[in-house]
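Heads up: the structure comes next, in structure tokens.
The values are calculated or read from the model by the stated rules, or taken from the named source; none is laboratory data. In this text, all values refer to a predicted model and were calculated from it rather than measured experimentally. FYI the Cβ positions are ideal-geometry reconstructions off the backbone, even for glycines, and counts take in every protein chain you see. We work out accessible area using only protein heavy atoms, side chains counted, and drop any ligands, DNA or RNA first. Shrake-Rupley method; radii C 1.70, N 1.55, O 1.52, S 1.80 Å.
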Protein chains: 2
Amino acid sequence: MATTRAGRPRLTTRRRPGISARDEILDAAAELFTTRGYTSTSTRCIAEAVGVRQASLYHYFKTKDDILSALLHQTVTPTLEFVEQLAATEPPLTPAEKLHALASFDGAQLLNGRWNLGALYLMPELREARLAEFWAERERLRLHYLDLSRATVAAQPTAYPVGEEAADLPFRLVESLVNIRAAHPDRQRSALPGHIADACMRVLGVPAEGIPALRAATDRRLAVPVG
Amino acid sequence: MATTRAGRPRLTTRRRPGISARDEILDAAAELFTTRGYTSTSTRCIAEAVGVRQASLYHYFKTKDDILSALLHQTVTPTLEFVEQLAATEPPLTPAEKLHALASFDGAQLLNGRWNLGALYLMPELREARLAEFWAERERLRLHYLDLSRATVAAQPTAYPVGEEAADLPFRLVESLVNIRAAHPDRQRSALPGHIADACMRVLGVPAEGIPALRAATDRRLAVPVG
């Protein structure tokens, strides 16, 4: 279905944010998928929302699934890059320092996109094999959380150790920002990722007196490029 | 669309769990909604899955939305009744005791239904006004969590108080069982609600040494009728 006509005159003037027609298509699709639903949104609806012909849209994306796949990758790729930056930081960070920074960064990613794309994660339609690449990436992110969480638990000298099951919860706490955003679209959210990162520490048994320093370090780290 | 023909001979023999035809319809719809998607499932699909005529289905539910509404209520109603039982318990329970029991009970509800109905919560189609009654019930449950969480935070004599934002997290931690179940359908899950309840305590700053007693009290409470 690819076409070379992407340069043809547009039906209307550009009206969506983004430097390229591809970005405009993604933005329009994200709005429609998250407000009307994936199944109810056709590629024709998306083309109309952008103000381009369907043939132009097919120049960038062969199928509606391809658009969905690109959008879902946006929710994971920057965070996976951040994980690599954290791993390369010298002197090396402790697992708790890495996890606190990761949860804050990832939470901000989930909250600050224009549309709440994480709300699509639970759609039965997303369990399809054609999205296997996205799910593999997201599982890779979950396992990074899990490794850091386990190492954080192991580093706590506590008489009441938290169970192994707790190590999966920081990933889930960050993910819950998707639900919070869906339920309270108007709530002021900028402080939430930091609070979630603190909560991740408490869930893993990090003593309360150690958490303010972790928060301060994360704030410094996210204010300037890592590395 | 209601009909009086519900008693007519069935097309096939009964093959789903449930004591009534209504329960069979709900079970079939829950399976289809959570595996194929809500929009992709017609009332005809549901009738076929149960093995009844569409007219019989309309005797019980006027629209597909009515079926969805009944299913969603099932995810909230038993827990709201449990909240009332907890409130009436003598001698009165502390907020932490109530919250621990609530999180364990609610978590078990979300995990033990035959289908992962909570996976429907984020569907854009569910933000519709016709489901307002369900959303009001669920918000009522969230506010119960919030009240108990705030009271639990207030009761902690800590030099490092947790922020007000943390009070929304126990509800979200329990809800994350929906995501865990969707991601790991084969995982052994019976111990998870208890672990989530413990995590709720840690998120709210309850000292680690107080948590085993809370868990033991909840286990006793859920093993016998409350009251």
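Is one or more of the residues making up region B:35-44 open to solvent by 10 Å² or more (accessible area, probe 1.4 Å), in the same structural domain as B:D186 (by TED's automatic domain parsing) and among the basic types (K, R)?
no
Could you say whether any residue in region B:19-29 is within 14 Å of chain A (Cβ to nearest Cβ), at pLDDT 95 or above and either open to solvent by less than 60 Å² (accessible area, probe 1.4 Å) or touching a Cys at 6+ places or on another chain (Cβ under 6 Å) (or both)?
As a first pass, look at region B:19-29 and keep what is within 14 Å of chain A (Cβ to nearest Cβ): B:29.
Next, only the ones that are at pLDDT 95 or above stay: B:29.
Now drop any that are not either open to solvent by less than 60 Å² (accessible area, probe 1.4 Å) or touching a Cys at 6+ places or on another chain (Cβ under 6 Å) (or both), which leaves B:29.
Among the residues of region B:19-29, at least one is within 14 Å of chain A (Cβ to nearest Cβ), at pLDDT 95 or above and either open to solvent by less than 60 Å² (accessible area, probe 1.4 Å) or touching a Cys at 6+ places or on another chain (Cβ under 6 Å) (or both), which makes the answer yes.
Which one is modelled with the lowest pLDDT, of the residues in region A:185-227 that are crowded, with 21+ Cβ neighbours inside 10 Å, of a type in the set (V, I, T) and more than 19 Å from the chain's Cα centre (by Cα)?
So the residue we want is A:V206.
Got a number for residues in region A:57-78 being surrounded by fewer than 18 Cβ atoms within 10 Å (Cβ to Cβ) and part of a loop (DSSP other than H, G, I, E, B)?
2
Please work out which one of (1) open to solvent by 70 Å² or more (accessible area, probe 1.4 Å); (2) basic (K, R); (3) touching a residue at least 24 places away in the same chain (Cβ under 8 Å); (4) within 12 Å of another protein chain (Cβ to nearest Cβ) is the condition A:R140 fails and give its number.
Only one criterion in (1) open to solvent by 70 Å² or more (accessible area, probe 1.4 Å); (2) basic (K, R); (3) touching a residue at least 24 places away in the same chain (Cβ under 8 Å); (4) within 12 Å of another protein chain (Cβ to nearest Cβ) is unmet by A:R140, namely (4).
Kindly establish whether B:L177 is in contact with an Asp or Glu (Cβ under 7 Å, 6 or more places away or on another chain) and closer than 30 Å to A:I211 by Cα.
It is false that B:L177 is in contact with an Asp or Glu (Cβ under 7 Å, 6 or more places away or on another chain) and closer than 30 Å to A:I211 by Cα.
Name every residue in region B:79-100 that is under 19 Å from B:R138 (Cβ atoms) and either assigned to a loop (DSSP other than H, G, I, E, B) or open to solvent by less than 40 Å² (accessible area, probe 1.4 Å) (or both), in order of residue number.
Scanning region B:79-100 gives B:T79, B:L80, B:F82, B:V83, B:L86, B:L99.
Could you tell me whether A:E125 is in a helix (DSSP H, G or I), under 30 Å from B:R36 (Cα atoms), touching a Gly at 6+ places or on another chain (Cβ under 7 Å) and in contact (Cβ under 8 Å) with a residue 12 or more places away in the chain?
It is true that A:E125 is in a helix (DSSP H, G or I), under 30 Å from B:R36 (Cα atoms), touching a Gly at 6+ places or on another chain (Cβ under 7 Å) and in contact (Cβ under 8 Å) with a residue 12 or more places away in the chain.
Starting from region A:143-166, take each residue that is surrounded by 17 or more Cβ atoms within 10 Å (Cβ to Cβ) and list its partners that are hydroxyl-bearing (S, T, Y) and assigned to a loop (DSSP other than H, G, I, E, B), counting only C-beta distances under 9 angstrom and pairs at least six apart or across chains.
The qualifying pairs are A:T152/A:T94.
Taking region A:182-224 as the region of interest, how many residues are facing chain B (nearest Cβ under 10 Å), assigned to a helix (DSSP H, G or I) and touching a residue at least 12 places away in the same chain (Cβ under 8 Å)?
11
Can you pull out the residues in region A:104-130 that are more than 11 Å from chain B (Cβ to nearest Cβ), over 11 Å from the mean Cα position of the chain (by Cα) and open to solvent by less than 20 Å² (accessible area, probe 1.4 Å)?
Across region A:104-130, the qualifying residue is only A:S104.
Test A:V174 against the criterion of being β-branched (V, I, T), more than 8 Å from chain B (Cβ to nearest Cβ) and assigned to a loop (DSSP other than H, G, I, E, B), and give yes or no.
Values: β-branched (V, I, T): yes; more than 8 Å from chain B (Cβ to nearest Cβ): yes; assigned to a loop (DSSP other than H, G, I, E, B): no.
Spelling it out, it is not the case that A:V174 is β-branched (V, I, T), more than 8 Å from chain B (Cβ to nearest Cβ) and assigned to a loop (DSSP other than H, G, I, E, B).
Give me the pairs: first residue in region B:34-52 and within 14 Å of chain A (Cβ to nearest Cβ), second residue among the hydrophobic types (A, V, I, L, M, F, W, C) and in a loop (DSSP other than H, G, I, E, B), beta-carbon distance under 9 Å, and six or more apart or on different chains, which are they?
B:T34/B:W115; B:T35/B:W115; B:G37/A:M123; B:G37/B:M123; B:Y38/B:M123; B:T39/B:M123
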